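Participant: Structure provided below as structure tokens; questions to follow.
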Amino acid sequence: MTLKAVLFDIEGTLAIGGRPLPGAVEAVALGRKAGLDVRFLTNISGRTPAMLCAELRGMGFALSEHEIHTATSACVEYLRERTGTRCRLVVPDAVLPMFDGIARDDEHPDVVVVGDVGSEFNYALLNGVFRQLRDGAELIALHKGVFWIAADGPRLDAGAFIVGLEAATRKQALVMGKPSPVFFTKAFDALGVAPGQALVVGDDVMTDVQGAHGVQAPCALVGTGKYRPGDEEREPRPDHFLATLDGFAALLDGSR
């Protein structure tokens, strides 16, 4: 199929710690110049699309807010379709306004939504969520990434705690972000393209590459961010490997 769209991961692929990675700004521009629809798919759960858009523009990227699809926005859309569901939101304060209009119940919820609340993850919080899940609440994870790369190095992410809650309760979390097929499919549907017509570009084998494989979309792994030497040879294998996004132009030329 002819390539019609490119879906970029953000953290670790386009930028780290507020700074663009080599070739990233140019790669986004090249995608647009080639006539492709460009979208940004991210598991970042502590910032709204508007906040991410402002940050990326400040780094030199040309984009619009509507082009950013986050795990949090996918969760909000899902919950709005479940009218009357009472939710406990364990999410960063910055994204709480996105959940306006959704029924809240911190004591006896139908659903507990867990995102990356950083240092707020402690025994009291996790034990409270554990008890609510044992009492029948469903577990929704904005994503299950177990770590991320900050400016000062790797840090544990929400998925590390989600896995513990799953093991303790024998329940599986419903995942809103990557690698959920629903997350990718919604982006393809919004663009009006088939999975085979959209290239997924990311730094994480377990979210970006696995997610692309799950919906049969071509993917490129970038050797930045979460990438570790040899990841391009591990399963699931990407269709393409770029040491940095400086190689994106050659990849586009080869895909035509």
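The values are calculated or read from the model by the stated rules, or taken from the named source; none is laboratory data. The structure displayed is predicted, hence computed values, not measured ones. Cβ sites come from the backbone with ideal geometry, for glycine too, and all protein chains shown count toward neighbours. Protein only, heavy atoms only, side chains kept; ligands, DNA and RNA dropped before computing areas. Shrake-Rupley method; radii C 1.70, N 1.55, O 1.52, S 1.80 Å.
Participant: Please pick out the residue among ASP105, ASP93 that is of a type outside the set (Phe, Trp, Tyr), in contact with a strand residue (DSSP E or B) (Cβ under 8 Å, 6 or more places away or on another chain), free of Cβ contacts under 8 Å to residues at least 24 places away in the same chain and over 19 Å from ASP189 (Cα atoms). Let's see the steps before the verdict.
Facilitator: Working: ASP93 fails: in contact with a strand residue (DSSP E or B) (Cβ under 8 Å, 6 or more places away or on another chain).
After applying the criteria, what remains is ASP105.
Participant: Condition test on ALA29, is it within 30 Å of ALA137 (Cβ to Cβ), of a type in the set (Gly, Ala, Ser) and open to solvent by less than 60 Å² (accessible area, probe 1.4 Å)? If you could, list the steps in order and put the result at the bottom.
Facilitator: On the way: within 30 Å of ALA137 (Cβ to Cβ): no; of a type in the set (Gly, Ala, Ser): yes; open to solvent by less than 60 Å² (accessible area, probe 1.4 Å): yes.
Here the answer is no, as ALA29 does not meet what is asked.
Participant: Scan region 3-20 residue by residue and report those that are over 18 Å from the mean Cα position of the chain (by Cα) and open to solvent by less than 40 Å² (accessible area, probe 1.4 Å).
Facilitator: Within region 3-20, LEU3 is the sole residue that qualifies.
Participant: Pairs, please: C-beta under 9 Å, at least 6 apart or cross-chain, first residue in contact (Cβ under 8 Å) with a residue 40 or more places away in the chain and in region 126-151, second of a type in the set (Asp, Glu) and loosely packed, with under 12 Cβ neighbours inside 10 Å?
Facilitator: What qualifies is GLN132/GLU107.
Participant: Provide a single number: the residues in region 209-253 that are closer than 19 Å to LYS144 by Cβ, free of Cβ contacts under 8 Å to residues at least 24 places away in the same chain and assigned to a helix (DSSP H, G or I).
Facilitator: Result for region 209-253: 1.
Participant: Something else now. Based on this model, can you work out whether GLY214 counts as out of contact with any strand residue (DSSP E or B) (no Cβ under 8 Å at 6 or more places or on another chain), open to solvent by 40 Å² or more (accessible area, probe 1.4 Å) and modelled with pLDDT of 95 or more? Explain how you work it out, then say what you get.
Facilitator: Details: out of contact with any strand residue (DSSP E or B) (no Cβ under 8 Å at 6 or more places or on another chain): yes; open to solvent by 40 Å² or more (accessible area, probe 1.4 Å): yes; modelled with pLDDT of 95 or more: yes.
So GLY214 passes the test.
Participant: Check whether at least one residue in region 196-208 is open to solvent by less than 10 Å² (accessible area, probe 1.4 Å), of a type outside the set (A, V, I, L, M, F, W, C), out of contact with any Phe, Trp or Tyr (no Cβ under 9 Å at 6 or more places or on another chain) and not in a strand (DSSP E or B), and report yes or no.
Facilitator: The answer is yes; a qualifying residue exists.
Residues are listed down the side, and each one gets a yes or a no for (1) of a type in the set (Lys, Arg); (2) assigned to a helix (DSSP H, G or I):
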position	(1), (2)
VAL28	no, yes
GLY31	no, yes
LEU41	no, no
MET51	no, yes
ARG57	yes, yes
GLY60	no, no
THR72	no, yes
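Participant: Related question: Report, by residue number, each residue of region 111-122 that is open to solvent by 50 Å² or more (accessible area, probe 1.4 Å) and in a loop (DSSP other than H, G, I, E, B).
Facilitator: Taking region 111-122 first, the residues open to solvent by 50 Å² or more (accessible area, probe 1.4 Å) are 119-120, 122.
Once the filter is applied, which keeps residues that are open to solvent by 50 Å² or more (accessible area, probe 1.4 Å) and in a loop (DSSP other than H, G, I, E, B), region 111-122 yields only ASN122.
Participant: Whether any residue in region 37-49 is at pLDDT 95 or above and surrounded by fewer than 13 Cβ atoms within 10 Å (Cβ to Cβ) is what I want to check.
Facilitator: Within region 37-49, not a single residue is at pLDDT 95 or above and surrounded by fewer than 13 Cβ atoms within 10 Å (Cβ to Cβ).
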